[in-house]
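Read through the structure below, which is laid out as structure tokens, and then see the notes.
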Amino acid sequence: MSEKFKAQIEQIVYSNEENGYTVARAVVPGSKDIVTVVGNLLSLKPGETLAMQGEWTTHPRFGRQFKIASYETIIPATLHGIEKYLGSGLISGIGPVMAKRIVDAFGTDTLDIIENNVDRLAEIEGIGQARVEMIGQAWESQKEVRDVMLFLQAHDVSTGYATKIYKKYGKASIQVVKENPYKLAEDIFGIGFVIADRIAEKIGIDKQSARRIEAGLLYVMQQVSDEGHVFYPYEPLVEKCREVLGVERDHVVQAISRANLAKQIVVEDINESAEEFIENNKAVYLARFHYCETGIAHHMHMLVSAPAHIKSRPADKAIPWVQKQLGITLAEKQVEAVRRAIEEKVFVLTGGPGTGKTTIINAILQVFADKRNRVLLAAPTGRAAKRMSETTGHEAMTIHRMLKYNVRSGDFEKNEQNPLACDLLIIDEVSMVDTLLMYHLLRAVPRETTLVLVGDANQLPSVGAGSVLQDIIASGAVPVVELDEIFRQARTSKIIVNAHMINSGLVPELENSRDDLEDFYFIDREDPEAVLRLIVDLVKERIPKRFGLSPIDDIQVITPMHKGTVGTENLNRSLQEALNPDRASLTRGSQRLCVYDKVMQVRNNYDREVFNGDIGRIAAIDSESRKVTVSFDARHVVYEYADLDELALAYAVSVHKSQGSEFPAVIMPVLTQHYMLLQRNLIYTGITRGRKLVILVGTRKALTIGVKNDKTRRRYAFLRQRLQDILNR
């Protein structure tokens, strides 16, 4: 039976940012009774009084609680309530200590003073004019945010997105949502088509409306690009859109035509060579992917066709000279690689670990540095660039930083009109470079520059759309040297030997010496819970004691899955509890973040100059200013609470997210529950992330399944064929 009930919120026990579900302790006015209230509550703060309607229920574990169906917020009137309210983190610049001092000074008039005479806060010791202005602005903002939240709550939208929507659109937030809720999916990270469509339905937008179907088409196109596809075949795309949107085929076909005319997408008739994988020879691209894929082919053609500016000895003289300089004897394919770098405008150097790619990079640098050529080195990630700097002795940077992204223009400053200043450009870890980034890179390379692309083509393809390195190699458009000989010093490493065995489709050597420390171990466990417990023990106790490695800084758990017992989510919770308990923390949605936690950036953020895959440590959590500071390689980056969905715990990461990084020690579960993901290139990529130690935990059956499965999922792209056209021009 529905009842009305009024109480002041004393403590937030649990709050889920994704759906607003909250558990709170509340005090009944005029008594000391503490009750539990639960429900979808709107950005609730301690100190607020709620007038609630709902019913009393008894939870089998937590006992009696009031389940809220609807409620209204009443501004707190008691001194205790006002102090709780202000000190809850509601306003940047006011924490619990400052809240007490303000309430001590102004009593029950506190909220009225902040609302109508905020300058009086300067009377409080420790509050200067700058802080007064900050508090005033924050108070106004939170009122506007609350209006947005109330509107969104009425349309069943998570309270966690309100601040982001307000931050993007300001006072126009409600108007934007009413006029075109699908714009949220385009503009705001974390709000996809599904949420926007739910809002649209509440507002009354018809499921058959052209606006909905076009937004849904773009959503499906973005989904397939997130899966790695640069385009999608026309007929399968129509069917996928029909299923997702619940509309007839004709509606989808019309939406594709309209989006094509509006230049949001490109429908291209692919030539006959594509018949093997495209019905009706029609490919549908998001416009930016078509522009970038065709742009890569164009810029590669211009680069290959132009004469080189680089100065060097002839190869026949340079190769003996550089061997003498480095005190080494190059193998036959290594000699060929140095020769190609001297004689070709663009060439690809590929090969697995221990085959001497770094040796060749150093030899090439030595050859060209001798003639005072301008040289640039870059890699896709900060860790890969740092490693490149350490192994070559030359400065290397991330591709993003080298191209100088301009936040205001939303584009890279380095381009055709403002090219890179270099005679030689060497890019490492090119398997990680996707279609969009390769386009922006090539458009900034001067026509006379020599370009050397280095990478391991047997690793997983890039997280972003395309298989750029593999397609360049397969096209035959530029010379390729593949190093396949493991050199003597590398043959003692079981990591390297086993990686090459896996790459050849052979199950690696799994036996170990009982007495000597080795760098590769396989531990047989079948039960996922047992695997989880063992991984935690290995990270926390066994590896640090036996190998002298730091459990957080040196050991990285890598897993094929996100969900499940040994997926990233559960592993991170377990490892956080074991390695970093009882620290200052905050909870965002289902994720708890603590000071000193290991975290990863999960999207490119050009404002902060942190990129997808960057790993750091939380240095500070400031509940007063509602900000979190993260240290990335000694560089401190500040996040507002609203932006913390850009961070994820990184005690365990997916194999894809580990690309471009090397870690002193790697632990990877390999179980048959990963069956759909067990592929040779995934296991190979995971193993080659370990520098000093790799431990696989799982079953021989699962490992064998993965090693034997070399049928990687096809990515739809037409770059290989476009590059082949270069040969025919």
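The values are calculated or read from the model by the stated rules, or taken from the named source; none is laboratory data. Computed from a prediction, not measured in an experiment: that's the story for all the values here. No Cβ is skipped: glycine too gets one built from the backbone with ideal geometry, and neighbour counts run over all protein chains shown. Calculation scope for accessible area: heavy atoms of the full protein, side chains included, ligands and nucleic acids excluded. Shrake-Rupley method; radii C 1.70, N 1.55, O 1.52, S 1.80 Å.
Looking across segment 588-602 at every residue that is part of a strand (DSSP E or B) and modelled with pLDDT of 75 or more, the one that is surrounded by the most Cβ atoms within 10 Å (Cβ to Cβ) is identified as VAL599. What tally of residues in segment 365-406 results from selecting those that are polar (S, T, N, Q), outside any helix (DSSP H, G or I) and closer than 24 Å to ASP554 by Cα? Final tally of qualifying residues: 2.
Being touching a Lys or Arg at 6+ places or on another chain (Cβ under 7 Å), in a helix (DSSP H, G or I) and open to solvent by less than 40 Å² (accessible area, probe 1.4 Å) holds for only one residue in ILE552, ILE496, ILE535, ILE502, and it is ILE502.
On the given criteria, is LEU703 touching a strand residue (DSSP E or B) at 6+ places or on another chain (Cβ under 9 Å), modelled with pLDDT of 85 or more and either assigned to a helix (DSSP H, G or I) or of a type in the set (Gly, Ala, Ser) (or both)? Yes. One residue stands out in segment 514-532 among those that are touching a strand residue (DSSP E or B) at 6+ places or on another chain (Cβ under 7 Å) and of a type outside the set (Asp, Glu): the one that is most open to solvent (accessible area, probe 1.4 Å), namely ARG525.
If we scan segment 378-391, do we find a residue that is under 26 Å from ASP633 (Cβ atoms), in contact with a His (Cβ under 9 Å, 6 or more places away or on another chain), open to solvent by 40 Å² or more (accessible area, probe 1.4 Å) and at pLDDT below 90? No, segment 378-391 has no match at all. Against the numbered list (1) open to solvent by 60 Å² or more (accessible area, probe 1.4 Å); (2) assigned to a helix (DSSP H, G or I), HIS309 comes up short only at (2). Note on segment 675-714: residues that are more than 13 Å from THR559 (Cα to Cα), of a type outside the set (A, V, I, L, M, F, W, C) and surrounded by fewer than 22 Cβ atoms within 10 Å (Cβ to Cβ) total 15. Listed by first and then second residue, the pairs linking a residue in segment 566-588 that is free of Cβ contacts under 8 Å to residues at least 60 places away in the same chain and within 15 Å of ILE615 (Cβ to Cβ) to a residue that is open to solvent by less than 30 Å² (accessible area, probe 1.4 Å) and part of a loop (DSSP other than H, G, I, E, B), with Cβ atoms under 9 Å apart and 6 or more places separating them unless they lie on different chains, are ASN580/ILE552; ASN580/VAL595; ASN580/ASP597; ASN580/TYR651.
Taken over segment 707-729, the criterion of being at pLDDT below 85 and outside any loop (DSSP other than H, G, I, E, B) is satisfied by ASP725, ILE726, LEU727. Scanning segment 37-70 for residues that are among the aliphatic types (A, V, I, L, M) and open to solvent by less than 40 Å² (accessible area, probe 1.4 Å) turns up VAL37, VAL38, LEU41, LEU42, LEU44, LEU50, ALA51, MET52, ILE68.
The combined condition, being within 40 Å of the chain's Cα centre (by Cα), at pLDDT below 75, surrounded by fewer than 19 Cβ atoms within 10 Å (Cβ to Cβ) and of a type in the set (Ser, Thr, Tyr), is not fulfilled by SER158. Counting only residues that are open to solvent by less than 30 Å² (accessible area, probe 1.4 Å) and of a type outside the set (A, V, I, L, M, F, W, C), segment 632-643 holds 3 of them. Kindly evaluate VAL628 against the criterion of being without any contact (Cβ under 8 Å) to a residue 60 or more places away in the chain, β-branched (Val, Ile, Thr) and within 17 Å of HIS400 (Cα to Cα). Taking the combined requirement at face value, the residue does not satisfy it.
From the list GLY354, GLY382, GLY327, the lone residue that is at positive phi and under 37 Å from the mean Cα position of the chain (by Cα) is GLY354. Residue count for segment 570-587, restricted to those that are buried (at least 17 other Cβ atoms within 10 Å of the Cβ) and farther than 18 Å from VAL697 by Cβ: 3.
For every residue, the table says whether it meets (1) surrounded by 14 or more Cβ atoms within 10 Å (Cβ to Cβ); (2) assigned to a helix (DSSP H, G or I); (3) in contact with a Phe, Trp or Tyr (Cβ under 6 Å, 6 or more places away or on another chain).
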position: VAL177; (1), (2), (3): yes, yes, no
position: LEU184; (1), (2), (3): yes, yes, no
position: ALA196; (1), (2), (3): yes, yes, yes
position: LYS207; (1), (2), (3): yes, no, no
position: TYR219; (1), (2), (3): yes, yes, yes
position: PRO236; (1), (2), (3): yes, yes, no
position: VAL244; (1), (2), (3): yes, yes, no
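From the list THR359, THR355, the one residue that fits, being of a type in the set (S, T, N, Q), surrounded by 21 or more Cβ atoms within 10 Å (Cβ to Cβ) and more than 30 Å from ALA262 (Cβ to Cβ), is THR355. For segment 432-478, residues that are open to solvent by 30 Å² or more (accessible area, probe 1.4 Å) and assigned to a strand (DSSP E or B) total 0. Taken as a whole, the condition of being open to solvent by 10 Å² or more (accessible area, probe 1.4 Å), in contact with a Gly (Cβ under 7 Å, 6 or more places away or on another chain) and over 30 Å from ASP524 (Cα atoms) applies to ALA717. The residue that is nearest to LEU538 (Cα to Cα), counting only those in segment 572-621 that are in contact with a strand residue (DSSP E or B) (Cβ under 7 Å, 6 or more places away or on another chain) and among the small types (Gly, Ala, Ser), is GLY616. The condition of being over 30 Å from GLY564 (Cα atoms) and touching a residue at least 40 places away in the same chain (Cβ under 8 Å) does not hold for GLU526. How about segment 482-530: which of its residues are among the basic types (Lys, Arg) and modelled with pLDDT under 80? Across segment 482-530, the qualifying residues are ARG488, ARG491, ARG514. Identify all residues within segment 347-357 that are modelled with pLDDT of 90 or more and either part of a helix (DSSP H, G or I) or farther than 19 Å from THR329 by Cα (or both); write none if there are none. PHE347, VAL348, THR350 - these are the residues of segment 347-357 that are modelled with pLDDT of 90 or more and either part of a helix (DSSP H, G or I) or farther than 19 Å from THR329 by Cα (or both).
The number of residues in segment 341-380 being in contact with an Asp or Glu (Cβ under 7 Å, 6 or more places away or on another chain) and either free of Cβ contacts under 8 Å to residues at least 40 places away in the same chain or polar (S, T, N, Q) (or both) comes to 3.
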